[in-house]
Amino acid sequence: MDFNNNIIPGFDQEKDDSLSINLRKAEGVNNGLFIYLSGYIDTYNSSFFQKKISQVIEAGYINLIFNCSSLNYVSSTGIGSFTVFLKLVKPKSGDVVLLEIQPKVYEVFQLLGFSQFFNIKDTPEAAIAFFTQGNITANSVFPVVIACPVCKKRLRATRSGRFRCSDCKSILAINSRGEVSLG
């Protein structure tokens, strides 16, 4: 616990039983920080979450990697918090990456239409590469705009996987080449 205080003095003075936040510097990422979240983010603890991450940004960390592997629920208010962080760091040439996001949490992002705004990565190495090498990889087709095969709604996909169309709610599968099928 003292480790958080070594990175940002006084960070652990205030706690919340429903959300644990642990910090680790992201080696090789300029002003980068891994933020490990454990628990859940909802209407009741989102102000605590925003306050803690605002401390991080005020301390000069603008390239934020949120490890969501132990985050088991995020409400729409919690997603709004992530949007606030994105708006705070973008003008400072920073960015936000969501890492190892749980499928049920990702579905909330997707259903509310927010998955297209966030950089979502599966490994710490991919998150670090996003900041050190940029978001464009030589063989990547993502992000890609696709058309839902059922309703023809145009959707933006940032990675391969299974998604739900925001209009007709059909399940879509997008492969690594950006090809779409019903999933």
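The values are calculated or read from the model by the stated rules, or taken from the named source; none is laboratory data. Values in this document were obtained by computation on a predicted structure and should not be read as measured data. Counting neighbours? That spans all protein chains shown, and the Cβs are built from the backbone with ideal geometry, glycine included. Surface accessibility is based on the protein's heavy atoms, side chains included, excluding ligands, DNA and RNA. Shrake-Rupley method; radii C 1.70, N 1.55, O 1.52, S 1.80 Å.
Conditions (1) in contact with a helix residue (DSSP H, G or I) (Cβ under 6 Å, 6 or more places away or on another chain); (2) of a type in the set (V, I, T); (3) touching a residue at least 40 places away in the same chain (Cβ under 8 Å); (4) over 22 Å from S69 (Cβ atoms), marked per residue:
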{"site": "V108", "(1), (2), (3), (4)": "no, yes, no, no"}
{"site": "F114", "(1), (2), (3), (4)": "yes, no, no, no"}
{"site": "D122", "(1), (2), (3), (4)": "no, no, no, no"}
{"site": "A126", "(1), (2), (3), (4)": "no, no, no, no"}
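The one condition from (1) open to solvent by less than 80 Å² (accessible area, probe 1.4 Å); (2) under 24 Å from V89 (Cα atoms) that L112 does not meet is (1).
Name every residue in the stretch 73-105 that is in contact with a Phe, Trp or Tyr (Cβ under 6 Å, 6 or more places away or on another chain) and either part of a strand (DSSP E or B) or surrounded by fewer than 15 Cβ atoms within 10 Å (Cβ to Cβ) (or both), in order of residue number.
Matches in the stretch 73-105: Y73, V96, V97, L98.
Out of all the residues in the stretch 8-19, is one or more touching a strand residue (DSSP E or B) at 6+ places or on another chain (Cβ under 6 Å), buried (at least 21 other Cβ atoms within 10 Å of the Cβ), in contact (Cβ under 8 Å) with a residue 24 or more places away in the chain and not acidic (D, E)? No - not one qualifying residue is present in the stretch 8-19.
Only residues that are of a type in the set (S, T, N, Q), farther than 19 Å from F3 by Cα and assigned to a helix (DSSP H, G or I): list them for the stretch 28-72, please. Within the stretch 28-72, S46, S47, Q50 meet the criteria.
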